[in-house]
Amino acid sequence: MTGSPAEVKLVSNAMANATRRKIMAMLVEKERTKEEIEQAVGGTMLDYHLQMLKQAGLADTRGDRVLITDFGKNFMETKSDKPAETKKDLAGTRPLQVVELRQLLPCIADSSKFRIIARFEPPLEGALKLLEPLFPRARYSDRIGALIIQRGNILITIYSTGSVTMTMIKSEAEAREVLEDLKKTINEAIAKGVTPVPREKVKVDHAEIYQYLPRTDCQICGEQSCYAFAIKLVGRETEIDKCTPLLEPRYATNLEHIRTLLEYL
Ligand code: SF4
């Protein structure tokens, strides 16, 4: 999710409905089958409600299973918790530990790579935003309360709640190495107590986005080619959901990559 006005509207429309809020509350607890959801909220327009949540990036379906996305998880956490106040400096921030590496799932687009979910503790909360200048390609997103860091092909998202997601990881050993490296950089800044100086924002261009599109030039999105679509995406003249081929499971990792890159815009 990029935080564009259109996407904010999708999220607020999705969450404006009591049935969809109930579905999200169920998904926060655990993944569900459509049947379980139907038993709890009724079958009327269930597909429509799930489609609304999917379009907003809050939930996803895998066959008969319905699960919450990382964005959805963070959205629900920020709704239930008092938002973390942004700190002015790193004073009082405690050093991080990697306490969990919860999932190591193959990336659908490239089965030789993995997607991982981990956790840093204590959560950085309001101090997270201050860390953006520590990394050459990083951007803090106020809307999702997360710091997005690009390291080669790997995209790392650190949430203010402590959750960390990483894509395009080669192995568990690489995941641990990247996490330890991040921890070291952040803890060194905390130990020095010097707040990093803000620097120019990272730029993402259309060529980078284009790499992750299906590149079939099918024109379903209404553009002449994937390249033209990438240019319009970067110019905020279209929305990622218009490329419906990207919603196919085999492009799940590409879609996540593009959504994350769009956070840099
Ligand atoms: S719908 Fe997607 S794959 Fe098709 S032309 Fe547009 S960007 Fe390319």
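The values are calculated or read from the model by the stated rules, or taken from the named source; none is laboratory data. Keep in mind it's a predicted model, so treat the numbers as computed, not measured. Heads up, the Cβs are rebuilt from the backbone with ideal geometry, glycines too, and the neighbour counts pull from every protein chain shown. Heavy atoms of the whole protein, side chains included, go into the accessibility calculation; ligands, DNA and RNA do not. Shrake-Rupley method; radii C 1.70, N 1.55, O 1.52, S 1.80 Å.
How about region 21-78: which of its residues are free of Cβ contacts under 8 Å to residues at least 60 places away in the same chain and of a type in the set (S, T, Y)?
T33, T44, Y48, T61, T69 - these are the residues of region 21-78 that are free of Cβ contacts under 8 Å to residues at least 60 places away in the same chain and of a type in the set (S, T, Y).
Residue under question is Q211, and the condition is that it be outside any loop (DSSP other than H, G, I, E, B), open to solvent by 30 Å² or more (accessible area, probe 1.4 Å) and within 16 Å of the ligand (Cβ to nearest atom); does it hold?
Numbers: outside any loop (DSSP other than H, G, I, E, B): yes; open to solvent by 30 Å² or more (accessible area, probe 1.4 Å): yes; within 16 Å of the ligand (Cβ to nearest atom): yes.
Spelling it out, Q211 is indeed outside any loop (DSSP other than H, G, I, E, B), open to solvent by 30 Å² or more (accessible area, probe 1.4 Å) and within 16 Å of the ligand (Cβ to nearest atom).
Of the conditions (1) modelled with pLDDT of 85 or more; (2) open to solvent by 40 Å² or more (accessible area, probe 1.4 Å), I158 satisfies every one except a single condition; which number is it?
Result: I158 passes all but (2).
Would you pick out the residues in region 135-155 that are open to solvent by 50 Å² or more (accessible area, probe 1.4 Å) and modelled with pLDDT of 85 or more? Let's see the steps before the verdict.
Residues of region 135-155 open to solvent by 50 Å² or more (accessible area, probe 1.4 Å): 136-137, 142-143, 151-153.
Answer for region 135-155, where residues must be open to solvent by 50 Å² or more (accessible area, probe 1.4 Å) and modelled with pLDDT of 85 or more: just R151.
Is it fair to say A56 is under 24 Å from E263 (Cα atoms) and touching a helix residue (DSSP H, G or I) at 6+ places or on another chain (Cβ under 7 Å)?
Working: under 24 Å from E263 (Cα atoms): yes; touching a helix residue (DSSP H, G or I) at 6+ places or on another chain (Cβ under 7 Å): yes.
Yes, satisfied.
Looking only at region 187-202, decide whether some residue is modelled with pLDDT of 90 or more and more than 16 Å from the ligand (Cβ to nearest atom).
First pass over region 187-202, keeping only residues modelled with pLDDT of 90 or more: 187.
Restricting the remaining residues to those that are more than 16 Å from the ligand (Cβ to nearest atom) gives 187.
For region 187-202, residues modelled with pLDDT of 90 or more and more than 16 Å from the ligand (Cβ to nearest atom): present.
Return a yes/no flag: does region 222-241 have any residue that is farther than 22 Å from V8 by Cα, in a loop (DSSP other than H, G, I, E, B) and in contact with a helix residue (DSSP H, G or I) (Cβ under 7 Å, 6 or more places away or on another chain). Lay out the reasoning, then the answer.
Pass one, region 222-241, residues farther than 22 Å from V8 by Cα: 222-228.
Subsequent filtering for residues that are in a loop (DSSP other than H, G, I, E, B) retains 222-225.
Right, trim to in contact with a helix residue (DSSP H, G or I) (Cβ under 7 Å, 6 or more places away or on another chain) and you get 222-223.
Checked against the condition, which is being farther than 22 Å from V8 by Cα, in a loop (DSSP other than H, G, I, E, B) and in contact with a helix residue (DSSP H, G or I) (Cβ under 7 Å, 6 or more places away or on another chain), region 222-241 yields at least one hit.
Restricting to region 218-243, and then to whatever is open to solvent by 30 Å² or more (accessible area, probe 1.4 Å) and within 19 Å of the chain's Cα centre (by Cα), can you tell me which residue is nearest to the ligand (Cβ to nearest atom)?
K242
So, in region 118-161, exactly how many residues are in contact (Cβ under 8 Å) with a residue 60 or more places away in the chain, within 14 Å of T93 (Cβ to Cβ) and outside any helix (DSSP H, G or I)?
3
Being of a type in the set (A, V, I, L, M) and surrounded by 16 or more Cβ atoms within 10 Å (Cβ to Cβ) is the filter; apply it to region 244-253 and report the residue that is nearest to the ligand (Cβ to nearest atom). Lay out the reasoning, then the answer.
The first filter runs over region 244-253 and keeps only residues of a type in the set (A, V, I, L, M), leaving 246-247, 252.
Next cut, surrounded by 16 or more Cβ atoms within 10 Å (Cβ to Cβ) only: 246, 252.
On the way: L246: 6, A252: 14 Å.
My answer is L246.
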